[in-house]
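*Asks:* Before we start, here is the structure in question, set down as structure tokens.
The values are calculated or read from the model by the stated rules, or taken from the named source; none is laboratory data. Keep in mind it's a predicted model, so treat the numbers as computed, not measured. Don't worry about glycine lacking a Cβ; one is built from the backbone with ideal geometry, like all the others, and counts go over all protein chains shown.
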Amino acid sequence: MSSWRTFIQSAIGAATVLGCPSRLLGVNRKRASDRPNSSTPLKVISPDLQALSFTIDNGVKVFQLTAEPAKRKIAPWKTIDCWGFNGSCPGPTIQVNQGDRVRLILENRLPESTAIHWHGLEIPYAMDGMPYLSQKPIAPGSRFAYDFTVHQNGTFFYHSHSPMQQMMGMVGLFILHPQQAHTPAVDHDFGVVLQEWAVLPNNTVPNTANMEWNWLTFNGAVSPMTTPLIVRLGSRVRIRFVNIGMDHHPVHLHGHTFVVTGTEAGRQPETMWGPMNTVLVGVAQARDIEFVANNPGEWMLHCHMPHHNMNAMSDLLGDRMMMTADTEDDRALRQMQTLADDVGFEHVHHAPIAAGANQVPGFPQDAFMDMGMDETVAKPQNNGLPRNWSAMMMGMMSLVRVLPPDLYDDVMRDIRNGYMSPASSATDRSNHHHEGGGE
Ligand SMILES: [Cu+2]
């Protein structure tokens, strides 16, 4: 594991070698995956979400979905009461192939009626999931079977068509794979559901009538609890974003240039693939981005709306009772440590501040926001990140870890073995100005 220490340094050197604009479209690139047959579409990985399994009945793929209340731990100190499917919010990811006949049996264990709409699918009207129009509302305790053949391919999603049920979290990914993988074929394929929540301090039930959001999630988790996307250096990566909510999200990727290869209606022609590094994922839209991961590093992937890459600090601060503006830095830091102890964080750091900072109008802004919690959110996918890496990871944010082959293999082995490397094995890159501050 000593190789972790030198990763970033060696990675910086390698970047200049690998950085080549013509690689963007993947032309003539060397294959980086172990996949024997590139014409078979890869299964999509949706971090922090389960895949939905199926049974076969006379050639029909049969899925069981249960609409029900769920508890979702969105942050180490915050579990919300949302609604979802099969105990999960967002619901489990469904993956089928173009041409499949599917039967999706919905059981309603909610306290009210519901139905499922298959967003964007060109299917018979009776299967559209519109209460009172295409079907009767599915009453609590009853079931309904959605039965249709999928002839499209792309990134789709399923959701309740009731607005408030949507804002309680009733959505899931519905991936329709083409019969032959799109070219250039990808080596990694990920799915991410974007959601926003309004949950007041000391509350657990989202306020679905609110227009201001204090929790923003990727696949039902706020950063740093989001699981990083692990990719091998030189591989071609697809990330599929789906937005079902009340706000638009400009998702930005660091260190790379990507193209949008698909929308909520499926694959886009290559003539549409202009270079970008931020994609606006509007409400009810899906966007597939693809890029060659040619730049090694721990790259942020995040919504760029400033309030969307924050967590609800007010939740920690007891509704903003902490008076940082008229306290000395040391005292404020002690208050932060007390709060962190309450929720079981192992570190509290904050960025250095100037002498006399309190005399500057507008202070404090960000100085007291950084809160490391590496051990609290430890998982194999985080192995080798620099110490205190989690301090500035907040809200709708994750990492795309572009790892050279040996480190990629290390992390993938750690994931298989469930091995978490000790935090001390990584380098501390935080910037302390306090003697012994949290160390
Ligand atoms: Cu956003």
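*Asks:* Could you identify the single residue in D428, D374, D370 that is modelled with pLDDT under 70, under 28 Å from I74 (Cβ atoms) and acidic (D, E)?
*Replies:* On the way: D374 fails: modelled with pLDDT under 70; D370 fails: modelled with pLDDT under 70.
It is D428.
*Asks:* What are the residues in the stretch 251-300 that are within 16 Å of the ligand (Cβ to nearest atom) and of a type in the set (A, V, I, L, M, F, W, C), if any?
*Replies:* Answer for the stretch 251-300, where residues must be within 16 Å of the ligand (Cβ to nearest atom) and of a type in the set (A, V, I, L, M, F, W, C): V251, L253, V279, L280, V281, V283, A284, A286, I289, M300.
*Asks:* Only one of V192, V231 is in a strand (DSSP E or B) and more than 16 Å from the ligand (Cβ to nearest atom); which? Spell out the reasoning first.
*Replies:* On the way: V192 fails: more than 16 Å from the ligand (Cβ to nearest atom).
Residue meeting the stated conditions: V231.
*Asks:* Go through (1) within 16 Å of the ligand (Cβ to nearest atom); (2) modelled with pLDDT of 95 or more one by one and return the number of the condition H307 breaks.
*Replies:* Of the numbered conditions (1) within 16 Å of the ligand (Cβ to nearest atom); (2) modelled with pLDDT of 95 or more, the odd one out for H307 is (2).
*Asks:* Restricting attention to the stretch 406-424, does a residue exist that is more than 24 Å from the chain's Cα centre (by Cα) and modelled with pLDDT under 75? Let's see the steps before the verdict.
*Replies:* In the first step, residues of the stretch 406-424 are kept if they are more than 24 Å from the chain's Cα centre (by Cα); the result is 406, 422, 424.
Next, only the ones that are modelled with pLDDT under 75 stay: 424.
Taking every residue of the stretch 406-424 in turn, at least one turns out to be more than 24 Å from the chain's Cα centre (by Cα) and modelled with pLDDT under 75.
*Asks:* If you don't mind, there's one more thing I want to ask. Among the residues of the stretch 377-405, how many are in a strand (DSSP E or B) and at pLDDT 95 or above?
*Replies:* Step one: of the stretch 377-405, the residues in a strand (DSSP E or B) are 387, 395, 397-403.
Still in the list and also at pLDDT 95 or above: 397-403.
Residues in the stretch 377-405 being in a strand (DSSP E or B) and at pLDDT 95 or above: 7 in total.
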